[in-house]
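Read the figures in this text as sums done on the coordinates, not as results from a lab. As the structure is a computational prediction, the values presented were derived from the model and not from experiment. Cβ placement follows ideal geometry from the backbone for every residue including glycine, while neighbour counts extend to all protein chains displayed.
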Amino acid sequence: MDDRLIGILSDALIPFAIAALKVTIPLALISFAIGLVLAFFTALARLSSKIWLNKLAQFYVWIIRGTPLLVQLFIIFYGLPSVGITLNAYVAATIAFSLSVGAYGSETIRAAIESIPKEQWEAGQTIGMTYAQIMRRIILPQAARVSTPPMFSSFISLVKDTSLAANVTVVELFRRAQQEAATTYEPLWLYIEAALIYLVICTVLSYYQRKTEVYFNRFHA
Amino acid sequence: MIQVSHLVKEFAGKKVLDDISVLFPSGKTTVILGPSGSGKTTLLRCLNLLEMPTAGQISFDEIPYDFSKAKPLSNEQILALRRKSGMVFQSFNLFPHKTAEQNVMEGPVIVKKKPKEQAAEQAQALLTKVGLSEHVKKYPHQLSGGQKQRVAIARALAMQPEVLLFDEPTSALDPELEFEVLKVIQSLSHEHNTMIIVTHNLDFARQIADQIVFVAAGKIVEIADSNTFFNQPKEARTQEFLARFKQALLLE
């Protein structure tokens, strides 16, 4: 590696870090937070005895999981303006990512809730708790433990999927790397540099996953 | 006093309980005996609606709950009926993410809206009563089976129910651990709590029961006091059941 290349890579580091901190990370955090809420209520809808609610949730999950995220992103950003809905690129990306986390996450949460033995429900019922009380105080805390590893996997996937937003004019980390590569003609090293930044973010998330698991395992042999 | 009248429970068209009528007197201990699959656990679970009866009536202190009507019980009615009884399960069913103390406090704090300090005091007292004053802050996975079951008994007692239901409370325990749980149940019986116990332990039944209800094939075969039941059973089916039990004793 020569001095010129080292110069290019170190010059790119600051703009890459800024793009990660100002765009990639907030985009992932906000989308995940919204997606988590969506996932939770979709899971409850799937577990509901109300048929229409159940069907609605199933339909949503079916559409989102059955079509590519990139195509959804294009429909929302490039497609919707032709029916009069023009969205800011960041908003469009946030919507697409949140919907994705909501659909996949709802299946994780539903499975986690269903994995808690029915005896836990019965124990709550025998001390007179209502459905909502049992769900909130007995089932969800245990389901949270079960769903921690798969939900962190979703979060990590999302961090990397935010690079798709480069296709709808969001200047996040990957888009920034493309710009640098176009002007310096050093795609190999610049893309590796960008990849390493994603790796750092995901490593931090893995660290928090372990901490969360330790927290939940306090009550588990 | 709990009066069960003409209770029927069907699972997929099959009658598991067939026209059950029985009185559980207040302040007395009733033991329900019967061969496996006789419906004795189902009868117990019908009393707190973990199984919804298909027909018949259950009265708690003269307040009737009728299951023969077309209109099912409302959620409020179901909750009200459940809050009259406390249940101890064969497999303990403690909340694994809560300490012994938190398990006992859960009902009083969440259902009865008792202030936390008061609930904690009560939990401490109840756990001491069942011999677990040293284990208040432990999680269920740190306790033995016998200790878990005693926490479960304290959890049921914390709601001050009118009746305590025990569903084979020692069947999942080693013989050494069984004793410590039986001792607690016995002391509750001596305090004149209203209790209904399903068990396979005939020795224990003989010692503790004021009344024995013998169930077979979903029907009540015989209701008698403990002495009569074991020494002068009237029904042939009861005699056969007890004879088999005596044979099993000879093996030991």
Separation of alpha-carbon centers, the stretch B:1-21 and the stretch B:60-126, rounded to whole Å: 24
Could I have the simple spin-label model distance between B:K246 and B:T228, label points 7 Å from Cα toward Cβ, reported in nm to one decimal? 2.0
For B:K28, the aspartates and glutamates lying under 13 Å Cα to Cα, once residues fewer than eight places off in the same chain are dropped, come out as B:E162, B:E191, B:D210, B:D225
Given 0.36 nm per residue, what is the gain on full extension from B:M52 to B:A80 after removing their alpha carbon distance, in nm? 8.6 nm
Kindly provide log₁₀ I(q)/I(0) values, in the same order as q = 0.18, 0.19, 0.25 Å⁻¹, from the Debye equation applied to equal alpha-carbon scatterers of the stretch B:165-252. -0.89, -0.98, -1.40
Which parts of the stretch A:1-32 would a label at A:L196 reach, counting a residue when its backbone N lies under 18 Å from a point 7 Å out along Cα-to-Cβ? A:1-21
Taking the Cα centre of the stretch A:3-219 as origin, sum charge times position over the Cβ atoms of Lys and Arg (+1) and Asp and Glu (-1), and report the length of that vector in debye to the nearest 20. 760
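Pairs to check: A:K160/A:K211; B:K9/B:K113; B:K112/B:K138; B:K148/B:K234; B:K40/B:K183. Give those whose C-alpha atoms are more than 27 Å from each other in this structure.
Pairs exceeding the cut-off: B:K9/B:K113; B:K148/B:K234.
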How big is the stretch B:1-159 along each principal axis, measuring the range of its Cα positions in Å and listing the largest first? 47, 35, 30
B:Q239 to B:A12: FRET efficiency via 1/(1 + (r/R0)^6), r the Cβ-Cβ distance, R0 35 Å, to the nearest 0.05? 0.60
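Gain in length, A:K22 to A:K50, computed as 0.36 nm per residue apart minus the alpha-carbon separation, to one decimal in nm? If you can, show how the numbers build up before the last one.
Values: separation 28, 0.36 × 28 = 10.08 nm, distance 4.22 nm.
So the extension gain works out to 5.9 nm.
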Length gain on complete extension for the stretch A:W189 to A:A33, per 0.36 nm per residue less the alpha carbon to alpha carbon distance? 52.9 nm
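With r as the distance between the Cβ atoms of A:Q179 and A:N88 and R0 = 22 Å, compute the FRET efficiency 1/(1 + (r/R0)^6) and round to 0.05.
Working from the Cβ atoms, E equals 0.65.
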Please quote Rg/Rh for the stretch B:94-160 to two decimal places, taking the Kirkwood radius as Rh and restricting both calculations to Cα atoms. 0.93
Taking only the alpha carbons of the protein assembly as shown, what extent do you get along each of the three principal axes, in Å, biggest first? 103, 51, 47
Estimated FRET transfer efficiency when R0 is 41 angstrom, pair A:Y215-B:H192 (beta carbons, to 0.05): 0.35
What number, in percent, do you get for the relative contact order of the stretch A:15-92 if the mean sequence gap of Cα pairs under 8 Å and at least 6 apart is divided by its residue count? 16
Projected onto the charge dipole of the protein assembly as shown (+1 at Lys/Arg Cβ, -1 at Asp/Glu Cβ, origin at the Cα centre), which of B:I2, A:L196, B:V136 gives the Cα projection farthest towards the positive end? B:I2
Along each principal axis of its Cα atoms, how long is the stretch A:3-219 end to end? Whole angstroms, biggest number first, please. 73, 48, 22
Whole-Å distance, taken between Cα centres, linking the stretch A:49-97 and the stretch A:103-130: 29
Quick calc: nm separation of the 7 Å Cα→Cβ label points for A:D11 and B:K69 -> 8.4
